[in-house]
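I have placed the structure first, in the form of structure tokens, so that the comments after it can refer back to it.
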Amino acid sequence: MKITQTQHFKAFSEPLIKSNPVFIQMLGICSALAVTVQLKTAIVMGLSLTFVLAFSNLIISMLRKVIPRNIRMIVELSVIATLVILADEVLRAFLYDISKQLSVFVGLIITNCIVMGRAETFALGNPPGLSFLDGLGNGAGYGSVLVAVAFIRELLGSGKLFGFSVIPNSFYNAGYENMGFMLLAPAAFIIIGLLVWLQKSIVKE
Amino acid sequence: MENLLSIFINSIFVGNILLAYFLGMCSFVAISRNMDSSIGLGFAVVFVLTITAPINWLIYNYLLAPGALSWAGFPEVDLSFLKFITFIAVIAVMVQAVEMVIDRFSPALYSSLGVFLPLIAVNCAILGTSLFMVERNYSFLESMVFGFGSGVGWMLAIVSMAAIRIKLRYASVPKGLEGFGITMIVTGLMAMGFMLFSGITL
């Protein structure tokens with residue numbers, strides 16, 4: 001069997017495009033968009049979420065046979081919250097500036113619907129290895145949306161990528177101006193809307 | 001007084017929790033399909049936010065903040081890293097308690113709000129408000145006003161979105177844009193409208 005047809009590969013690759021958590025499952029748009037003004041913060045946010053998602057899936061899946069059904073939400077929340085505290089402390093220790101910029105949004109990973117959603121729908125019914133890969137895939141799918149939005153916003157909004165100016169000065173001399181609108185909140189909504197359109201036209205049934 | 005009023009106005013319009021900080025999007029997209037549910041969920045969010053913001057303020061300032069435990073004889077203890085897990089637990093407990101109280105005293109209100117209450121525990125807007133409150137160093141009264149204002153702002157956004165979506169049913173939207181895509185773009189336009197209030201200072 002080819003590697004692209006194994007169950008494990010599918011658990012990882014499906015959420016990347018075909019069932020992307022943001023575009024198709026419409027989960028986790030919540031806390032995400034505010035961090036997409038710059039590529040740097042978007043990437044850090046994507047990585048933190050992938051970490052939390054993969055490990056919460058792994059842990060919850062290992063516990064799935066011992067968690068009583070009626071208190072599963074509380075158990076899931078405490079696992080997720082613990083992982084988020086870990087991620088937050090690590091960011092504060094090693095990437096203090098970025099963690100200041102992300103402010104409350106790292107904490108909001110707890111209530112990010114993707115994490116809860118994957119724990120409920122996938123991790124509770126699948127073995128740990130598969131759940132871990134599903135978490136990685138969903139995290140990467142989510143991260144890629146963040147990076148795409150941040151790329152557009154940073155490039156058009158401030159003419160930079162990762163904080164380096166990429167638009168040559170001759171452009172500015174010729175009358176080109178940065179779109180200040182891209183740095184404001186409404187732009188994020190509109191870019192997501194347009195990306196959904198693009199994604200739907202590409203992945204047609 | 002002026003300060004409170006300015007926080008209130010600011011949290012409804014300029015710093016709208018949904019349109020400026022993107023919190024509570026999941027339920028916003030899912031519920032705004034239906035007008036009645038939007039109003040019900042809106043009221044539930046206002047209610048829960050007004051209660052949880054001050055309670056979390058008390059817990060943070062008397063138990064978790066650096067030096068907050070000095071009344072118990074531990075002035076160096078800093079438990080602020082526990083704020084995420086504490087806040088989410090408080091929110092879950094409060095939602096459960098509110099649900100039981102409403103069920104006991106007002107069955108009519110319960111039957112209209114009941115279904116939405118559990119959903120609220122995982123609404124980012126609730127946790128987000130508590131976290132913003134800590135970050136901005138609000139006082140007790142300010143945090144209460146901020147909670148109420150954020151709730152009203154969120155409700156305003158979801159109810160107007162529901163109204164717009166009723167109209168949208170008769171619009172011919174491009175195929176790939178139907179549903180989620182157009183909702184996002186309309187929300188973007190709405191956010192632009194709300195930004196016009198940013199010139200107002202009290």
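Only DSSP H runs of four or more residues enter the estimate; each adds -39500 (n - 2.57), and after division by the residues of the protein assembly as shown the mean residue ellipticity at 222 nm equals -21000 deg cm²/dmol.
Shielding of peptide B:17-27 by partners, expressed as the average count of other chain Cβ atoms within 10 Å per residue Cβ, is 6. In the protein assembly as shown, a dipole from Cβ-located charges (positive for Lys and Arg, negative for Asp and Glu) runs towards its positive end, and of B:I17, B:A191, A:F122 it is A:F122 whose Cα lies farthest in that direction. Net charge in the neighbourhood of B:F81 (other residues with Cβ under 11 Å of its Cβ; Lys, Arg +1, Asp, Glu -1) is -1. For the protein assembly as shown, the Cα-based Rg and Dmax, in that order, read 21.4, 71 Å.
Electrostatic tally near A:V106: other residues with Cβ closer than 11 Å to its Cβ, Lys and Arg +1, Asp and Glu -1, net 0. Taking other Cβ atoms within 10 Å as a rough exposure proxy, A:R72, A:R153, B:R104 sort from fewest to most as B:R104, A:R72, A:R153. Think of chain A as having a plus end and a minus end, set by charges on the Cβ of Lys, Arg, Asp and Glu; of A:Y172, A:G159, A:G46, A:G46 sits farthest toward the positive end of this dipole. In this label model, B:A163 and B:N61 are separated by 3.6 nm, measuring between points 7 Å along each Cα→Cβ vector. Shape of chain A from the C-alpha gyration tensor: prolate (a/c of 1.5 or more and a/b above b/c, with a ≥ b ≥ c the square roots of its eigenvalues).
Using the alpha carbons alone, the radius of gyration of the range A:39-135 stands to its Kirkwood radius in an Rg to Rh ratio of 1.01. With N as its number of residues, chain B has a Cα radius of gyration that, divided by 2.2 N^0.38 Å, comes to 1.11. For chain A, a crude dipole built from +1 on the beta carbon of Lys and Arg and -1 on the beta carbon of Asp and Glu, taken about the Cα centre, is about 420 debye to the nearest 20. In terms of surrounding Cβ atoms within a 10 Å radius of their Cβ, A:D97, B:D103 rank from fewest to most as A:D97, B:D103. Past the 31 Å Cα-Cα mark, which pairs from A:K160/B:K83; A:K200/B:K167; A:K40/A:K200; A:K10/A:K65; A:K160/B:K167; A:K10/B:K175? Result: A:K160/B:K83; A:K160/B:K167 exceed 31 Å. Computed over the alpha carbons of the range B:1-105, Rg followed by Dmax gives 17.1, 53 Å.
Read the figures in this text as sums done on the coordinates, not as results from a lab. Bear in mind that the values here come from a model prediction, so they are computed numbers and not experimental data. Cβ coordinates were reconstructed from backbone atoms using ideal geometry, including for glycine residues, and neighbour counts include every protein chain displayed.
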